Amino acid sequence: WLRRTGAVLAGTPLLAGLLQLPAASPVEAAAPAAPKAASDDGSVAVSVDSLTPGAPAEGDTVTVTGTVTNTGKKAVTKAAVGLRVGPLMDTRSSIDTVAKNSGDVDGPVGSEIDDKYSEKFSKLAPGVSQPYTLSVPADELDLGQDGVYDLSVTLTGETSDQPWEQTLGVRHTFLPWQPDEADTKTRTTFMWPLISTVHMTAETGSDEEQTPVFLDDELAAEISPGGRLDRMVALGRDLDVTWVIDPDLLASVEAMTTRYEIPGENADDKNAVGGHQEVAKRWLTEVQRAVADKEVVALPFGDPDLASLAHHGTSVTGSLRHLKEATDVASGTVESILHVKPSTDFAWPVEGAVDPSIVKVSTSAGADKVIARGDTFEGGRDLTYTPTAPRPIGGGTTAV
């Protein structure tokens with residue numbers, strides 16, 4: 001079997017409707033981080049460091065914090081930091097435009113909020129930074145229908161060579177507004193893989209117990225406290241994730257809970273007895289706790305490389321039959337060790353790369369959903385909305 005050789009540490013996020021995750025802060029989700037460098041168009045750099053709450057409701061108070069820095073050569077007098085609310089932005093292009101021109105003092109900045117919510121500085125010397133905090137009741141923002149609004153922080157003031165009030169700095173950010181509960185929430189999932197490379201061989205000891213023999217003892221390091229697989233379990237335990245597990249990994253660790261052997265350093269040496277039984281027992285217990293009541297996907301046993309099989313292995317007699325057997329044994333292995341019933345109808349080619357031959361092989365073992373990279377599909381790049389992750393690709397198969 002050709003296998004994934006890279007042990008995946010980071011999971012894959014999908015708008016898949018499989019599990020509900022706590023939503024990211026709307027400021028994080030909707031707004032690119034505003035650059036803090038000075039704008040070419042203004043003599044005062046304005047930063048927006050926080051906006052709370054990220055998506056206010058009626059009755060909330062919106063608080064914006066940041067700093068203003070005089071990057072010019074003249075002192076700014078009668079300086080005032082205030083908030084302005086622009087129009088509803090209902091397309092990606094309008095949001096992109098605001099993001100690209102976040103510090104443009106000549107661009108539109110919307111309607112000014114009541115002056116009583118501004119913060120004033122009598123003088124802002126060159127090179128000097130001042131923090132600001134602006135708080136305004138959401139009801140005073142005069143927001144209309146649900147959506148994302150352009151919220152800008154402006155610094156107005158005068159200089160000795162231009163002694164009249166003018167906008168000297170601006171920073172745009174985004175304010176999601178949805179006072180009422182949504183009828184349908186966007187659901188997301190995060191695929192969290194417990195996958196490793198091969199560690200246990202097909203060889204067994206010559207004793208009556210047929211003691212399993214491992215290639216090496218490196219798996220013990222991965223499941224020991226602080227090891228990669230130990231950290232994956234510890235991190236994923238408190239998250240709403242979909243666990244994607246190679247049953248071969250579970251079977252290998254379970255084999256380590258009793259007597260197992262590893263080859264000696266030299267070819268003529270006898271096999272050494274492994275000594276990490278307690279580590280294996282502890283890790284399996286932690287995995288059982290982590291996946292309880294969670295969605296679990298079992299990959300075919302051994303996590304075979306579906307792309308290599310599709311492109312180079314179908315001519316090998318029995319290769320697809322072995323893939324079906326690897327899928328059939330996956331569910332029983334996971335259920336017997338973790339005491340949860342997994343899904344086996346997902347296929348995950350390496351890095352989510354798919355083509356018709358990979359899809360054909362992936363579904364030959366019973367999967368009807370294939371995890372795919374988003375750039376596999378041309379459609380959707382120019383859409384003004386985010387399409388759902390599942391895409392029907394024919395023959396009853398769904399690419400996710």
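Just so you know, all these numbers are worked out from the coordinates, no wet-lab data involved. Small disclaimer: the values here were computed from a predicted structure and weren't measured. Neighbour counts are summed over all protein chains in view; Cβ atoms, including those assigned to glycine, are modelled from backbone coordinates with ideal geometry.
For Ala399, the residues 5 or more places off, or on other chains, whose built amide H falls under 5 Å of its own are Val370, Arg391, Ile393. Along the axis of the charge dipole computed for the chain (Cβ charges of +1 for Lys and Arg, -1 for Asp and Glu, origin at the Cα centre), the listed residues Gly66, Gly157, Val291 are led at the positive end by Gly157. A straight Cα-to-Cα reach below 17 Å connects Lys73 with the lysines Lys123, residues fewer than 8 places away in its own chain not being considered. Between Glu208 and His339, the contour length at 0.36 nm per residue exceeds the alpha carbon distance by 44.3 nm. For the chain, averaging the sequence separation of C-alpha pairs within contact (under 8 Å, six or more residues apart) and dividing by the residue count gives a relative contact order of 16 percent. Just to be sure I follow: if Rg is taken over the C-alpha atoms of region 200-243 and Rh is the Kirkwood radius over the same atoms, what is Rg/Rh? A ratio of 1.20. Summed over qualifying helices (DSSP H, 4 residues or more, each -39500 (n - 2.57)) and divided by its residue number, the chain shows a 222 nm mean residue ellipticity of -6000 deg cm²/dmol.
At an R0 of 35 angstrom, the distance between the Cβ atoms of Ser94 and Thr133 translates into a FRET efficiency of 0.80.
The P(r) of the chain has a tail past 35 Å containing 49 percent of all C-alpha pairs. For Glu112 and Ser308, a Förster radius of 60 Å and the Cβ-Cβ distance give a FRET efficiency of 0.45, rounded to the nearest 0.05. The Stokes-Einstein estimate for region 117-194, based on a Kirkwood radius over Cα pairs and taken at 25 °C with 0.890 mPa s viscosity, is a diffusion coefficient of 146 µm²/s. All Cα-Cα distances of region 26-177, cut into 5 Å bins from zero to the largest, leave 2, 10, 21, 24, 20, 13, 7, 3, 0 percent in each bin in turn.
Here region 26-177 is treated with +1 on each Lys and Arg Cβ and -1 on each Asp and Glu Cβ, and its dipole about the Cα centre works out to around 700 debye. Which entries of Lys281/Lys341; Lys100/Lys369; Lys185/Lys341; Lys341/Lys369; Lys281/Lys369 show an alpha-carbon separation above 29 angstrom in the structure shown? Correct reply: Lys100/Lys369; Lys281/Lys369. For the chain, modelled as a GNM with alpha-carbon contacts under 10 angstrom, which of Glu208, Glu335, Glu158 fluctuates the most? With Cα springs under 10 Å in the chain, the top fluctuation among Glu208, Glu335, Glu158 is at Glu208. Round to the nearest 10 and give me the degree value, 0 to 90, for the angle of helix 247-256's Cα axis relative to the longest principal axis of the chain. The two axes meet at around 60 degrees.
Note on Asp240/Ile393: beta-carbon distance plugged into 1/(1 + (r/R0)^6) with R0 of 22 Å gives a FRET efficiency of 0.20. Over the C-alpha trace of region 277-400, radius of gyration and Dmax come out as 16.7, 55 angstrom. In terms of its Cα atoms, region 199-293 spans 49, 25, 20 Å along the principal axes, sorted from long to short. Stretched out straight at 0.36 nm per residue, the stretch from Arg231 to Lys294 would grow longer than its current Cα-Cα span by 20.9 nm.
Summary of the geometry: region 303-375 and region 65-127, compared by the centres of their Cα atoms, lie 54 Å apart.
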